[in-house]
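Novice: Pasting a structure here, questions to come.
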Amino acid sequence: MIIEIFQDIVCPWCRIGKKNLTDALVNFTSEPVEVHYRAYQLNPHTPVDGSPFRDVMLQKVRSDENKLASMLAQVTQAGEAVGLHFDFSKVERTPNTLKAHQLIAITPDPIKRILVDELFKAYFEDGKDIGQIDTLLAIAEQQGMNREETADRLQAKEGLEQVEDDLEFASQAGVSGVPFFVINGKYALTGAQPAATFLQALQQISQERENEEA
(Lines give C-alpha, C1' and ligand atoms only; values in the text may rest on other atoms or scores of the structure.)
Protein backbone atom coordinates (compact mmCIF):
# COMPACT_ATOMS: atom_id res chain seq x y z
CA MET A 1 0.00 0.00 0.00
CA ILE A 2 1.25 3.45 -0.91
CA ILE A 3 0.07 6.48 1.08
CA GLU A 4 0.91 9.94 -0.21
CA ILE A 5 0.62 12.81 2.26
CA PHE A 6 0.18 16.29 0.83
CA GLN A 7 1.21 18.63 3.64
CA ASP A 8 2.85 21.90 4.57
CA ILE A 9 5.26 22.26 7.47
CA VAL A 10 3.50 25.41 8.73
CA CYS A 11 0.16 23.57 8.90
CA PRO A 12 -0.54 22.39 12.48
CA TRP A 13 -3.33 20.07 11.35
CA CYS A 14 -0.86 18.41 8.98
CA ARG A 15 1.32 17.61 11.96
CA ILE A 16 -1.65 16.22 13.88
CA GLY A 17 -2.91 14.26 10.86
CA LYS A 18 0.51 12.75 10.26
CA LYS A 19 0.73 11.69 13.91
CA ASN A 20 -2.71 10.06 13.74
CA LEU A 21 -1.77 8.18 10.58
CA THR A 22 1.48 7.02 12.18
CA ASP A 23 -0.46 5.76 15.21
CA ALA A 24 -2.91 3.95 12.93
CA LEU A 25 -0.12 2.24 11.02
CA VAL A 26 1.15 0.67 14.25
CA ASN A 27 -2.00 -1.44 14.28
CA PHE A 28 -2.30 -1.96 10.52
CA THR A 29 -0.85 -5.37 9.72
CA SER A 30 -2.74 -6.32 6.56
CA GLU A 31 0.10 -5.41 4.18
CA PRO A 32 3.34 -3.38 3.97
CA VAL A 33 2.93 0.39 3.66
CA GLU A 34 5.07 3.02 1.97
CA VAL A 35 4.49 6.63 3.00
CA HIS A 36 5.48 9.34 0.53
CA TYR A 37 5.59 13.00 1.50
CA ARG A 38 4.23 15.45 -1.08
CA ALA A 39 4.67 19.20 -1.06
CA TYR A 40 1.87 21.71 -0.62
CA GLN A 41 2.11 25.39 0.21
CA LEU A 42 -0.64 27.09 2.17
CA ASN A 43 0.97 30.48 1.54
CA PRO A 44 2.96 30.19 -1.73
CA HIS A 45 3.31 33.97 -2.00
CA THR A 46 5.05 34.32 1.36
CA PRO A 47 8.28 36.33 0.88
CA VAL A 48 11.53 34.36 0.87
CA ASP A 49 12.44 35.88 4.24
CA GLY A 50 9.01 35.13 5.65
CA SER A 51 6.41 37.36 7.28
CA PRO A 52 5.55 38.17 10.92
CA PHE A 53 3.51 35.23 12.20
CA ARG A 54 1.06 37.23 14.28
CA ASP A 55 0.35 39.68 11.45
CA VAL A 56 -0.37 36.82 9.05
CA MET A 57 -2.66 35.06 11.50
CA LEU A 58 -4.55 38.22 12.42
CA GLN A 59 -5.16 38.88 8.75
CA LYS A 60 -6.78 35.44 8.48
CA VAL A 61 -9.22 36.24 11.30
CA ARG A 62 -9.83 39.87 10.31
CA SER A 63 -7.86 41.26 13.25
CA ASP A 64 -10.06 39.49 15.79
CA GLU A 65 -7.68 38.84 18.70
CA ASN A 66 -10.19 36.66 20.56
CA LYS A 67 -10.83 34.52 17.51
CA LEU A 68 -7.10 34.07 16.98
CA ALA A 69 -6.54 33.08 20.61
CA SER A 70 -9.40 30.59 20.39
CA MET A 71 -8.08 29.11 17.15
CA LEU A 72 -4.56 28.61 18.52
CA ALA A 73 -5.94 27.14 21.74
CA GLN A 74 -8.01 24.67 19.76
CA VAL A 75 -4.94 23.50 17.85
CA THR A 76 -2.90 23.25 21.04
CA GLN A 77 -5.58 21.13 22.73
CA ALA A 78 -5.97 18.89 19.68
CA GLY A 79 -2.22 18.37 19.68
CA GLU A 80 -2.12 17.52 23.38
CA ALA A 81 -4.84 14.92 22.82
CA VAL A 82 -2.53 12.95 20.51
CA GLY A 83 0.73 13.61 22.34
CA LEU A 84 2.02 16.64 20.41
CA HIS A 85 3.17 19.92 21.94
CA PHE A 86 2.53 23.29 20.30
CA ASP A 87 3.97 26.54 21.64
CA PHE A 88 2.71 29.37 19.47
CA SER A 89 4.24 31.93 21.82
CA LYS A 90 7.63 31.03 20.31
CA VAL A 91 6.56 31.26 16.68
CA GLU A 92 7.63 34.64 15.33
CA ARG A 93 7.77 34.11 11.57
CA THR A 94 5.59 32.54 8.91
CA PRO A 95 8.24 31.16 6.56
CA ASN A 96 8.16 30.39 2.88
CA THR A 97 8.32 26.57 2.99
CA LEU A 98 9.68 25.91 -0.50
CA LYS A 99 13.22 25.16 0.75
CA ALA A 100 11.86 22.92 3.51
CA HIS A 101 9.94 20.90 0.93
CA GLN A 102 13.05 20.74 -1.22
CA LEU A 103 15.02 19.39 1.75
CA ILE A 104 12.37 16.72 2.36
CA ALA A 105 12.56 15.73 -1.32
CA ILE A 106 16.32 15.07 -1.19
CA THR A 107 16.34 13.39 2.23
CA PRO A 108 17.09 9.63 2.10
CA ASP A 109 13.94 7.55 2.56
CA PRO A 110 15.10 5.78 5.77
CA ILE A 111 15.25 9.10 7.66
CA LYS A 112 12.60 11.11 5.80
CA ARG A 113 9.83 10.48 8.35
CA ILE A 114 12.04 11.56 11.24
CA LEU A 115 13.24 14.65 9.40
CA VAL A 116 9.64 15.70 8.69
CA ASP A 117 8.83 15.25 12.38
CA GLU A 118 11.84 17.35 13.34
CA LEU A 119 10.83 20.14 10.95
CA PHE A 120 7.38 20.25 12.54
CA LYS A 121 8.91 20.23 16.02
CA ALA A 122 11.43 22.94 15.18
CA TYR A 123 8.67 25.24 13.98
CA PHE A 124 5.78 24.53 16.32
CA GLU A 125 7.66 23.77 19.55
CA ASP A 126 10.95 25.63 19.28
CA GLY A 127 9.82 28.60 17.18
CA LYS A 128 12.65 28.18 14.68
CA ASP A 129 12.48 29.85 11.28
CA ILE A 130 12.39 26.84 8.96
CA GLY A 131 12.51 29.15 5.95
CA GLN A 132 16.17 29.90 6.73
CA ILE A 133 18.75 27.67 5.07
CA ASP A 134 20.95 27.49 8.18
CA THR A 135 18.01 26.16 10.22
CA LEU A 136 17.25 23.51 7.59
CA LEU A 137 20.89 22.46 7.35
CA ALA A 138 21.16 22.13 11.13
CA ILE A 139 18.10 19.85 11.22
CA ALA A 140 19.44 17.79 8.31
CA GLU A 141 22.83 17.48 9.99
CA GLN A 142 21.21 16.25 13.21
CA GLN A 143 19.75 13.37 11.18
CA GLY A 144 23.15 12.40 9.80
CA MET A 145 23.12 14.29 6.50
CA ASN A 146 26.36 16.00 5.51
CA ARG A 147 25.87 19.73 5.97
CA GLU A 148 28.06 20.96 3.10
CA GLU A 149 26.79 18.34 0.68
CA THR A 150 23.19 19.12 1.57
CA ALA A 151 23.81 22.85 1.11
CA ASP A 152 25.33 22.21 -2.32
CA ARG A 153 22.38 20.04 -3.37
CA LEU A 154 19.87 22.66 -2.27
CA GLN A 155 21.86 25.38 -4.02
CA ALA A 156 21.85 23.27 -7.18
CA LYS A 157 18.02 23.09 -6.90
CA GLU A 158 18.07 19.32 -6.53
CA GLY A 159 14.63 18.05 -5.55
CA LEU A 160 12.96 21.28 -6.64
CA GLU A 161 11.45 19.69 -9.74
CA GLN A 162 9.73 17.06 -7.58
CA VAL A 163 8.37 19.77 -5.29
CA GLU A 164 7.03 21.73 -8.26
CA ASP A 165 5.46 18.56 -9.67
CA ASP A 166 3.71 17.96 -6.32
CA LEU A 167 2.40 21.52 -6.23
CA GLU A 168 1.17 21.26 -9.81
CA PHE A 169 -0.51 17.90 -9.16
CA ALA A 170 -2.27 19.28 -6.09
CA SER A 171 -3.47 22.26 -8.09
CA GLN A 172 -4.72 20.15 -10.99
CA ALA A 173 -6.40 17.68 -8.62
CA GLY A 174 -8.24 20.48 -6.87
CA VAL A 175 -6.59 19.97 -3.50
CA SER A 176 -7.61 23.09 -1.61
CA GLY A 177 -6.55 22.15 1.90
CA VAL A 178 -4.18 19.90 3.77
CA PRO A 179 -3.47 17.38 5.10
CA PHE A 180 -4.66 15.42 2.08
CA PHE A 181 -3.99 11.70 1.87
CA VAL A 182 -3.99 9.69 -1.36
CA ILE A 183 -4.00 5.91 -0.96
CA ASN A 184 -2.86 3.66 -3.80
CA GLY A 185 -3.42 6.55 -6.20
CA LYS A 186 -7.15 5.88 -5.98
CA TYR A 187 -8.63 6.79 -2.60
CA ALA A 188 -8.49 10.10 -0.77
CA LEU A 189 -8.88 11.18 2.83
CA THR A 190 -8.89 14.82 3.89
CA GLY A 191 -8.12 16.49 7.18
CA ALA A 192 -6.57 15.36 10.46
CA GLN A 193 -8.69 12.25 10.82
CA PRO A 194 -8.53 10.32 14.13
CA ALA A 195 -6.21 7.30 14.18
CA ALA A 196 -9.21 4.97 14.41
CA THR A 197 -10.70 6.46 11.25
CA PHE A 198 -7.41 6.03 9.39
CA LEU A 199 -7.12 2.43 10.54
CA GLN A 200 -10.67 1.60 9.50
CA ALA A 201 -10.16 3.17 6.06
CA LEU A 202 -6.85 1.36 5.47
CA GLN A 203 -8.33 -1.96 6.48
CA GLN A 204 -11.31 -1.44 4.19
CA ILE A 205 -9.13 -0.47 1.23
CA SER A 206 -6.86 -3.45 1.80
CA GLN A 207 -9.84 -5.80 1.99
CA GLU A 208 -11.35 -4.38 -1.19
CA ARG A 209 -8.12 -5.02 -3.06
CA GLU A 210 -7.98 -8.58 -1.76
CA ASN A 211 -11.53 -9.15 -2.98
CA GLU A 212 -10.68 -7.72 -6.41
CA GLU A 213 -7.67 -10.00 -6.73
CA ALA A 214 -9.56 -13.09 -5.55
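Novice: Can you work out the accessible area per residue across the chain, with the rest of the protein chains kept in place, probe 1.4 Å, in square angstrom?
Specialist: That works out to 53 Å² for each residue.
Novice: Expressed as a whole number of Å, what is the distance separating the alpha-carbon centroids of the range 53-79 and the range 148-214?
Specialist: The distance from the Cα centre of the range 148-214 to that of the range 53-79 comes to 27 Å.
Novice: Against the longest principal axis of the chain, how steep is helix 65-81, in degrees 0 to 90 to the nearest 10, with axes from Cα atoms?
Specialist: Helix 65-81 sits at roughly 40 degrees to that axis.
Novice: Here is a further query. Angle check, please: helix 133-142 long axis (alpha carbons) against the longest principal axis of the chain (alpha carbons), in degrees 0 to 90, nearest 10.
Specialist: On a 0 to 90 degree scale, this one is about 50.
Novice: Which whole number of Å³ per residue matches the convex hull of the alpha-carbon atoms in the range 22-88?
Specialist: It comes to 134 Å³ per residue, whole-number rounded.
Novice: When only alpha-carbon atoms are used, what values of Rg and Dmax, in angstrom, describe the range 49-171?
Specialist: 15.9, 46
Novice: Based only on the alpha carbon positions, what is the Kirkwood hydrodynamic radius of the chain, in angstrom?
Specialist: The answer is 18.1 Å.
Novice: Quick one: how many lysine pairs does the range 64-202 have with C-alpha atoms less than 20 Å apart and a gap of 8 or more or different chains? Give me the count, please.
Specialist: 10
Novice: State the percentage of accessible surface on the chain attributable to carbon and sulfur atoms; use a 1.4 Å probe and exclude ligands, DNA and RNA.
Specialist: Working: 5320 of 11300 Å².
Its accessible area is 47 percent carbon and sulfur atoms.
Novice: Efficiency by 1/(1 + (r/R0)^6): what FRET value for Asp55 and Gln142, r their Cβ-Cβ distance, R0 = 35 Å, to the nearest 0.05?
Specialist: After rounding, the FRET efficiency stands at 0.70.
Novice: Identify the trypsin sites (Lys or Arg not before Pro) of the range 121-167 meeting these criteria: DSSP loop state and at most 16 other C-beta atoms within 10 Å of the C-beta.
Specialist: Lys157
Novice: Follow-up. Mind computing the radius of gyration and Dmax over the alpha-carbon atoms of the range 119-171? Å is fine for both.
Specialist: Answer for the range 119-171, Rg first and Dmax second: 12.7, 34 Å.
The values are calculated or read from the model by the stated rules, or taken from the named source; none is laboratory data. Since the model is a prediction, treat every value here as computed from it, not as a measurement. Quick reminder, even Gly has a Cβ in these numbers, built from the backbone with ideal geometry, and neighbours come from all protein chains shown. When the accessible area is computed, the model is the full protein with side chains, heavy atoms only, and any ligands, DNA or RNA have been set aside. Shrake-Rupley method; radii C 1.70, N 1.55, O 1.52, S 1.80 Å.
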